[in-house]
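All remarks here apply to the structure that follows.
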Amino acid sequence: MTSAAEPAISSPGASPQMAGARRILQETFGFSEFRPGQEAVINALLTGRNALAVMPTGSGKSLCFQIPALLLDELTIVVSPLVALMQDQVAALKLAGVAADGIHSGNERGENIEAWKLVAAGGTRLLYMSPERLMTERMLAALKRLPVKLFAIDEAHCISQWGPAFRPEYADLSRLRELFPDVPIAALTATADETTRGDIAKRLFGGHVEQFVLGFDRPNIRLTVTMKREWKRQLADFVSRFENDSGIVYCLSRRKTEDCAAMLAGKGIRALPYHAGMSSEEREANQNVFMTEPGVVIVATIAFGMGIDKADVRYVFHADLPASVEAYYQEIGRAGRDGAPAEAHMLYGLEDIRMRRQFIENEEAGDERRRREHKRLDALLGYCEAPACRRVALLEYFGERIEPCGNCDACLTPAERVDGTEEACVILQASQQSGELFGAAHLIDILRGAQTEKITRFRHERLACFGAGAQRSVNEWRSLIRQMVAAGFLQIDIAGYGGIKITAKGRALIRGEGKFLYRKDTVVPRSSKSERRQARKQEQLLAGQTLTEQQTALLARLKALRLELAKEREVPAYVVFADRTLIEIARRQPRTEAEFATISGVGAVKLERFAKYFLAEINASLDDATGKEEEPIQYRLDSRDGDGAASRPSGN
């Protein structure tokens, strides 16, 4: 097993098979070098061994099975959990000249029948299906008659009952090793802790699998967490720092997604919603705007993000607490894929904790799974309240150990740790004396001696602790209670409608056993827009990621062209070329097909299909920059790839 503690993966050597893999990497996908980990996983699969690959978001997991599929030159079955993800990956492969297809509920029945006929005739190399469709007796019997050479299980954490996104229909995939004993299986995921990895290995492989666990660190992403106060103001202030930058804002509910997008739009920010309650046409339109235009903010539920390859997302903002450390890690991984500085900022408060506990209790699952999910939430709260480097806390969860990063709020502005045992005991007394029935707001009213209707009704002004904390503000007491919940001295009674109860650890503190150390919440002072712009510009200059004004203008034209080409082919914009490819084109500005072929992400088929359009746009842009008088480009596009042409009308 290759672990996060052993990040260097040895090269499998220049075997004939790996030479073929490198050829496909370059000619079909347009990349000159493998990314870390890819070569070792590909070699394992090509030599008939099972592989479990845990690789960070954006590290190129798909190539780990797509390249072997093309080398094996028979049928590879790819299991994927989302129809939209299958559609996008199939579209991307087809544009690269790969014989791929999908059989799923997103197709008309006739489309699925035609796809299967092509598979049966040997004309398909990669077939995408959901686990439900694959594991029917009829489909399995049909596949037994075909030369299946490889199974690839994407989002493999779904098979583990201890994973954060367990799907019961994935569990049936464990039968594959018995039904197809000689066919290697690849399992791939971006997020799996040690327990989840062990469960995947046991269920899917019977314990016989090589594990490849790459380092999880994304050092260019700054990690920050702030207590939730006035979340709309906090969000608007944060987004205003990133003028003309793209970002993603995650919200817990569809309604909040809509409200949040409207609020930002009202402040002059180009914000668009994205959630499962919208029509597929609306979602696709908003996604294309986000992928194509600068300065667009997508406000989304977790429905957004899987498979999206946008390199220049400058921030991910969580307006609500994510479901788990795994979910948080996967979502922040959508920022800064170009290697330039990015930021992941989270707001959270007591109400977030209550809602997440409620979701776990309402889940239709056994007691053991609920216990595990509460533990996962505990780990996330531990990250939120980390007294030292956040990145150390985050990566330790996945079994990776690093030195303090210097690029998180805990490193950059360390908060003072204070002995709050005395204050904690006062809170515990307020909860105890009021019967452990009331939430944080009422306990704070008791401590501050507030004269509310509820205090009077329950005669809580008679409690010994009434008014004992009048010298502290509401926000100070709220912070203390939140940190006591996160540290396990208090717990939110979900069945008791959010009442604050005392844990065994809290009762020990009352008896004088142990201490409670808390972190003083700080409010970051607001900086002027000019200061923020200058700071952003300096960060990007240091990272070597800035484009000149002319290159930036060209990039905008290239994105508009990409969208036009994508619409003509009825695929998402990023399927034509990823953002990082367009950025390289804008920076290098190739003038010939030979130069265009050297751009990362331009394979042979895409070179043939798209080079002429992009070269014409580059030439037009350079002509505009030098002041030449030229006729506008006229694109003749149609869905038959290769038949379109870009030209200027000739004069008479």
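The values are calculated or read from the model by the stated rules, or taken from the named source; none is laboratory data. Note that the coordinates shown come from a computational prediction; the quantities given were computed from them, not determined experimentally. Because the Cβ atoms are built from the backbone with ideal geometry, glycine has one as well, and the counts that use them run over all protein chains shown.
Please give the number of the condition A14 fails out of (1) modelled with pLDDT under 95; (2) crowded, with 21+ Cβ neighbours inside 10 Å; (3) outside any helix (DSSP H, G or I). Here A14 meets the rest and fails (2).
Would you confirm, using the coordinates I've provided, whether K256 is farther than 30 Å from P404 by Cβ and under 22 Å from the mean Cα position of the chain (by Cα)? So K256 passes the test. Every listed requirement among (1) at pLDDT 90 or above; (2) touching a Lys or Arg at 6+ places or on another chain (Cβ under 8 Å) is met by T57 save one, (1). Whenever a residue of the stretch 581-596 is in the same structural domain as D312 (by TED's automatic domain parsing), it has no partner that is at pLDDT below 95 lying with C-beta atoms less than 6 angstrom away and at least six residues away or across chains. Is it the case that M86 is surrounded by fewer than 17 Cβ atoms within 10 Å (Cβ to Cβ) and in a helix (DSSP H, G or I)? When the stated conditions are applied, M86 does not pass them.
Of the residues I446, I492, I510, only one is surrounded by fewer than 16 Cβ atoms within 10 Å (Cβ to Cβ) and among the β-branched types (V, I, T); which? Only one candidate passes the filter, namely I510. Restricting the first member to the stretch 275-289 and to residues that are assigned by TED's automatic domain parsing to the domain that holds T257 and touching a residue at least 40 places away in the same chain (Cβ under 8 Å), and the second to residues that are in a loop (DSSP other than H, G, I, E, B) and crowded, with 17+ Cβ neighbours inside 10 Å, the beta-carbon pairs closer than 8 Å and six or more apart or on different chains are E284/P572; Q287/F304; Q287/I308; Q287/P572; N288/P572. Summed over the stretch 137-165, the residues that are modelled with pLDDT of 95 or more and under 19 Å from the mean Cα position of the chain (by Cα) give a count of 1. Out of (1) in contact with a Gly (Cβ under 9 Å, 6 or more places away or on another chain); (2) assigned to a loop (DSSP other than H, G, I, E, B), the odd one out for Y315 is which? Only one criterion is unmet by Y315, namely (2). Quick one: would you say E343 is within 21 Å of R229 (Cα to Cα), over 11 Å from the mean Cα position of the chain (by Cα) and among the acidic types (D, E)? Yes; evaluated as a whole, the condition is true for this residue.
The combined condition, being surrounded by fewer than 18 Cβ atoms within 10 Å (Cβ to Cβ), among the charged types (D, E, K, R), free of Cβ contacts under 8 Å to residues at least 24 places away in the same chain and not in a loop (DSSP other than H, G, I, E, B), is not fulfilled by E364.
Filtered by the rule that a residue be acidic (D, E) and buried (at least 19 other Cβ atoms within 10 Å of the Cβ), the stretch 339-361 gives E343, D352. The single residue among Q89, Q66 that is within 30 Å of R580 (Cβ to Cβ) and out of contact with any helix residue (DSSP H, G or I) (no Cβ under 8 Å at 6 or more places or on another chain) turns out to be Q89. From the set of residues in the stretch 367-381 that are farther than 19 Å from S160 by Cα and not charged (D, E, K, R), which is surrounded by the most Cβ atoms within 10 Å (Cβ to Cβ)? Selected residue: L380.
Within the stretch 406-423, restricting attention to residues that are hydrophobic (A, V, I, L, M, F, W, C) and more than 26 Å from R511 (Cα to Cα), the residue that is surrounded by the fewest Cβ atoms within 10 Å (Cβ to Cβ) is L412.
Under the condition of being part of a helix (DSSP H, G or I) and either farther than 15 Å from M291 by Cβ or among the hydrophobic types (A, V, I, L, M, F, W, C) (or both), the residues counted in the stretch 577-601 number 11.
If you scan the stretch 243-259, which residues turn out to be free of Cβ contacts under 8 Å to residues at least 60 places away in the same chain and under 18 Å from E343 (Cβ atoms)? Scanning the stretch 243-259 gives a single hit, N244.
Scanning the stretch 326-336 for residues that are hydrophobic (A, V, I, L, M, F, W, C), assigned to a strand (DSSP E or B), in contact (Cβ under 8 Å) with a residue 12 or more places away in the chain and not assigned by TED's automatic domain parsing to the domain that holds A573 turns up nothing.
For the stretch 178-195, residues that are in contact (Cβ under 8 Å) with a residue 60 or more places away in the chain and within 14 Å of I153 (Cβ to Cβ) total 8.
What residue, of R376, R354, is in contact with a strand residue (DSSP E or B) (Cβ under 8 Å, 6 or more places away or on another chain), in the same structural domain as W231 (by TED's automatic domain parsing) and part of a helix (DSSP H, G or I)? Testing whether each residue is in contact with a strand residue (DSSP E or B) (Cβ under 8 Å, 6 or more places away or on another chain), in the same structural domain as W231 (by TED's automatic domain parsing) and part of a helix (DSSP H, G or I) leaves just R354. Hey, does the stretch 444-451 have a residue that's modelled with pLDDT under 90, among the hydrophobic types (A, V, I, L, M, F, W, C) and assigned to a helix (DSSP H, G or I)? No. Only one of the numbered conditions (1) part of a helix (DSSP H, G or I); (2) exposed (fewer than 14 other Cβ atoms within 10 Å of the Cβ) is violated by Q432, and that is (2).
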